[in-house]
Amino acid sequence: MKFVAVIRQVPDGESRLKIEGGKVDLGGVTMILDQMDEWAVEEVIRLQEKHGGESVVVALGPERFEEAIRTALAMGIDRAIHLVAEGYLDPITQAEALAKVIRAEAPTLVFTGGQQADWDSQALGPALAEALAWPVVSWTTQIELEGETHAKAKHDLDEGAEVVRVALPAVFTSQQGLNEPRYPTLPGIMKAKRKELKKVPVSASSKVEILEQTIQEKSRLNKMIDGKDPVAAAHELVRLLHEEAKVI
Amino acid sequence: MDRLISRRDLEFLLYEVLDVEALTQRERYRDHSRETFKDTLDVAYRIAVEHFATHNKKNDQEEPWFDGERVHTNPEVKAALEAYRQAGLFAATHDYALGGIQLPYVIATACGALFKAANIATASFALLTAGNANVLRKYGSPAQQKKYLLPQLEGRFFGTMCLSEPHAGSSLTDLLTRAEPQADGTYRLNGSKMWISGGDHEIAENIVHLVLAKIPGGPPGVKGISLFIVPKYLVHDDGRLGPRNGVRVAGLNHKMGYRGIPNCLLSLEDAVGELVGAPHQGLSYMFTMMNEARIGVGMGAMALAYTGYLHALEYAQTRTQGRRMHDKNPASPAVPIIQHPDVRRMLIMQKAYAEGCLHLCLYAARLVDEERTAPTPEAAEQARLLLEVLTPVVKGWSSELGIRANELAIQVHGGYGYTRDYNVEQFYRDNRLNAIHEGTNGIQALDLLARKVGMQEGLGFRLWAQEVERTIQASRDTHALRPYAEALEQALKTTAQVTQQLLNKAAQGEVERAFANSFAYLELFGTVTLAWLWLEQARKALGKEGAFYRGKLEAARYFFLYELDKVPLLAERLMRLDDVFLYPEQDWLTTD
């Protein structure tokens, strides 16, 4: 069996982004392996640990993506293919380029993030499935192989979940709850240096062009709750956190 | 924002200033690269943020407790150290054969700083274990290494250091713990050990105590001190754990800070111990651990200063209060307090202290790598000597400046900083210990003046002065840096004169008068050292674009204008050789 994780590198959510000349300036910004892709990497490693075979990470992006690839290798992925392309490529164009390489790899399945943090888009997984003409299961929270031909998976719906059976090969996208990713280990970091990392230059033209980027300015609401009645104040705080801030 | 230590600053110091990448040319580190350093720091950073920082406050509010039998800690402590263990951080600097990755000490120190900034109490379990393991690696027999070192490198056993006793803390010559030799080659230890951090807990499978004790009939004083391994649970030769050893918790100390790690009074009651190395050599062995521990304490003080600074900075950027001095319109919106000059003063002081001490600590850690891997024995010996001189400065001066920085972080927060709703008061309380433990700062000052600067006929001092001089010469021809280079040259000259005068006085027999003001000497030496390092940072920042480099240049300017100007006053105070602190036989320090 062969399990492929498709990953991307994105700015750390803790980083302060700034705009220079209408574009996001990534200078000085900490870049990380997209968290949802990290769940995909972890799941691929777990599938390999359970079923044997090989794990491969595939990434399409600029040279700096190599850092995220190294993270995946240090977590335990066997080898990597880096499709090197500088500049922005829309998800459909990326999926087409990725599909060529992935088809040649002939994997049992492909896992990728349910959403791409930097684009705020959920397109890559389904677009990749479309380009490969394989089925897709999105927002996967559980997966179980049934031999080499089928998998049973649970995936989230808006307010519920479905359990599905899907013919392999297929594309799966990750959702929170799928797993708790491991940290790369220090010996893993050293081993990653010696693992195969194949570079493939990609020349493709994006179908979508970014004209301008802006960053949403968030201002403080300065909402004060009257605390004379502590019980009522607590109720109001919970209501605001639930209904307005939507954090609980 | 996690507000631990700026990763950008770490990268600047490691790569642009200290050229740590050059270490990868050495045989021991040849498998490493800037990428492996970065990836290691990334892992450390994530574990620090996700597992250590998350329970720092809880650790402070819910202290470990003793039920009469065992000591309990918060479950998050164990979970954090398990993540640390699984990542392989316990063995990081050790040989591949021991499960390590031969990580340079300077990178491991940078990782340690992140954990300390996140949660200094939980980090202390790991760092004590690392120190303990280093002693056993150097002095333990192969059998002892198998039984006690390897499990520590795997993170299954934790380590402690047991030096002090209730009546003897700084003065180890007065230790009373006795170790009686037995027919089977082991010893039975009896006595009490005080201030033992991590002295008991249920986090690890076992605890390896390294205990200083005297074998009856040995030489008097410190020359009669030997070092023993005393495990909490006895360990069979095949590694299986045996019954509980005679090490009992007599009580916990309830501390001002560092509350997440239990601090114990241990009672040794016929405890089985194994002698480490030769009899009566214990103190020198233990100082292997102590010197590292002292760098670790300096690093901890710096880390708390650094995180306090980042907290204060963020608060000052977001807290609005008042208007600029020239704005007389009460209807205009309030400005973030970072716009007020006095707040900027407090922030830049913290920046100068925290980032300067980070440089100092990393510089010292880099010397450890030089000592271990320098291409020639002469270069290794020079690194060792320079490190000897700088160790009391790293420990003593970082912990003095660290606490000042934390005071300022509270002040920036105003009344809120004095409340437990904010983190900075905890940093201050935690940091207060760093001037005390692993040799008080009074002892560090004496160590620097009475031992280190004069050792090998002043060679250590000359090595330090050569390094300072090298930076002066490299800066002298740069227009923007020339005033700093000249000021530092003058300060260096003054320090050399003061040092000579004090050592001469001591050599003439007036030891107490020469060394009575050693704390002022530490301040002098520490200030000149930091000025040197700030000039070095300015040199590397000059001509580079961006606010980060501009910030470095401004902090250097602050340091030379507001800190280095203390040198003449300190020098005068020292040269005066006054007797204010002398004549203890006169009883005027009484209230009767």
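The values are calculated or read from the model by the stated rules, or taken from the named source; none is laboratory data. Predicted, not measured: the structure shown is a model, and the values here were computed from it. Don't worry about glycine lacking a Cβ; one is built from the backbone with ideal geometry, like all the others, and counts go over all protein chains shown. Just the protein is used for accessible areas: all its heavy atoms, side chains included, with ligands, DNA and RNA removed. Shrake-Rupley method; radii C 1.70, N 1.55, O 1.52, S 1.80 Å.
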Listed residues A:Val202, A:Val84, A:Val238, most fluctuating in chain A (Gaussian network, C-alpha, under 10 Å) | A:Val238
Between rounded, prolate and oblate, where does region A:150-248 land on the alpha carbon gyration tensor, with a ≥ b ≥ c its root eigenvalues, rounded for a/c under 1.5, else prolate if a/b exceeds b/c?
-> prolate
Non-local amide H neighbours of A:Ile81 (under 5 Å, H modeled in plane, Pro and chain starts lacking H): which ones?
-> A:Val57, A:Val58, A:Ala59, A:Lys198
Measure nothing but the geometry: give the 0 to 90° angle between the long axis through the Cα atoms of B:34-47 and the longest principal axis through the Cα atoms of chain B, rounded to 10°.
-> 80
Whenever you get a sec, compute what percent of the accessible area on the protein assembly as shown sits on carbon and sulfur atoms (1.4 Å probe).
-> 51
Provide the buried accessible surface between chains B and A in square angstrom, both chains summed, 1.4 Å probe, rounded to the nearest 100.
-> 1900
Protein-protein interface of region B:57-100, residues with accessible area decrease of at least 30 Å², isolated chain reference, 1.4 Å probe | B:Ala87
Starting from region A:13-68, pick out the trypsin sites (Lys or Arg not before Pro) whose DSSP state is loop and whose Cβ has at most 14 other Cβ atoms within 10 Å.
-> A:Arg16
Computed over region B:440-579: relative contact order in percent, which uses C-alpha pairs under 8 Å that are six or more apart | 30
Residue-normalised value, i.e. accessible area per residue, for chain A at 1.4 Å probe, in Å², stands at 53
Which lysines have a Cα less than 24 Å from the Cα of A:Lys193, not counting those fewer than 8 places away in the same chain?
-> A:Lys2, B:Lys38
Please say if region B:7-153 is rounded, prolate or oblate, where rounded means a/c under 1.5 for a ≥ b ≥ c the square roots of the C-alpha gyration tensor eigenvalues, and otherwise the choice is prolate for a/b larger than b/c and oblate otherwise?
-> oblate
Kindly work out what percent of the DSSP beta bridges joining two residues of the protein assembly as shown are antiparallel, to the nearest 5.
-> 60
Taking H placed 1.01 Å from N in the peptide plane, check which residues at least 5 places from A:Gln142 or on another chain put their amide H under 5 Å from its amide H.
-> A:Lys154
What's the extension gain from A:Thr149 to A:Ser15 if we count 0.36 nm per residue and subtract their Cα-Cα distance?
-> 44.0 nm
Region B:203-341, accessible area per residue, ligands and nucleic acids excluded (1.4 Å, Å²) | 38
Computed over chain B: longest principal axis from alpha-carbon atoms vs helix B:282-318 long axis, angle to nearest 10 degrees, is 40
Separation between Cα centres of region A:174-248 and region A:24-59, rounded to whole Å | 16
In Hz, Karplus ³J(HN,Hα) per residue of region B:459-469 (6.51, -1.76, 1.60; θ = phi - 60°; x = Gly, Pro) = 5, x, 4, 5, 4, 4, 4, 4, 5, 5, 4
Compute the Cα gyration tensor for region B:100-170, then decide on rounded, prolate or oblate, letting a ≥ b ≥ c be the square roots of its eigenvalues: rounded whenever a/c is under 1.5, prolate when a/b is larger than b/c in the other cases, and oblate in all that remain.
-> oblate
How high is the relative contact order of region B:7-153, given as a whole-number percent (alpha carbon pairs under 8 Å, six or more residues apart)?
-> 23
Taking the Cα centre of each part, how many Å lie between region B:558-592 and region B:187-228?
-> 38
Can you sort A:Asp120, B:Asp592, B:Asp342 by 1.4 Å-probe accessible area, starting with the largest?
-> B:Asp592, A:Asp120, B:Asp342
With a point put 7 Å past each Cα toward its Cβ, work out how far A:Thr30 is from B:Ala474 in nm, to one decimal.
-> 2.9
Just list whichever of A:Lys50/A:Lys191; A:Lys195/B:Lys138; B:Lys540/B:Lys566; B:Lys57/B:Lys395 have alpha carbons separated by over 32 Å in the model shown.
-> A:Lys195/B:Lys138
Mind checking which aspartates and glutamates have their C-alpha under 20 Å from A:Lys23, skipping anything on the same chain fewer than 8 residues away?
-> A:Asp12, A:Glu14, A:Glu63, A:Glu86, A:Asp90, A:Asp118, A:Asp120, A:Glu209, A:Glu212, A:Glu217, B:Glu545
With θ set to phi - 60° and the Karplus curve 6.51 cos²θ - 1.76 cosθ + 1.60, what are the ³J(HN,Hα) couplings of region B:329-342 in order, to the nearest whole Hz, using x for Gly and Pro?
-> 8, x, 7, 6, x, 5, 9, x, 5, 4, 7, 8, x, 5
To the nearest 0.05, how large is the calculated FRET efficiency for B:Glu572 and B:Thr24 if R₀ is 60 Å and r is the Cβ-Cβ distance?
-> 0.80
Straight distance only, please: which lysines reach the Cα of A:Lys223 with their own Cα at less than 26 Å, same-chain residues fewer than 8 apart left out?
-> A:Lys246
Set the Förster distance to 56 Å, then compute FRET efficiency between B:Tyr233 and B:Gln411 from the Cβ-Cβ distance, nearest 0.05.
-> 0.70
For the protein assembly as shown, the dipole about the Cα centre with charges only on Cβ (Lys and Arg +1, Asp and Glu -1), to the nearest 20 debye, works out at 960
Calculate one ³J(HN,Hα) per residue across region B:196-204 by plugging θ = phi - 60° into the Karplus curve 6.51 cos²θ - 1.76 cosθ + 1.60, and present them in order as whole Hz with x for glycine and proline.
-> 8, 5, x, x, 7, 4, 10, 6, 9
Under the span-like rule (Cα at least 18 Å along the axis, Kyte-Doolittle mean at least -0.5), DSSP H helices of chain A | A:91-105
In percent, how large is the relative contact order of chain B, given Cα pairs closer than 8 Å and 6 or more residues apart?
-> 12
Accessible-area loss of at least 30 Å² in the complex relative to the chain alone (1.4 Å probe) applies, within region B:26-49, to B:Asp31, B:Glu35, B:Thr36, B:Lys38, B:Asp39, B:Val43, B:Arg46
So in chain B, what percent of DSSP beta bridges are antiparallel if you round to the nearest 5?
-> 80
Within region B:62-86, backbone nitrogen closer than 14 Å to the virtual label 7 Å beyond the Cα of A:Val247 toward Cβ | none
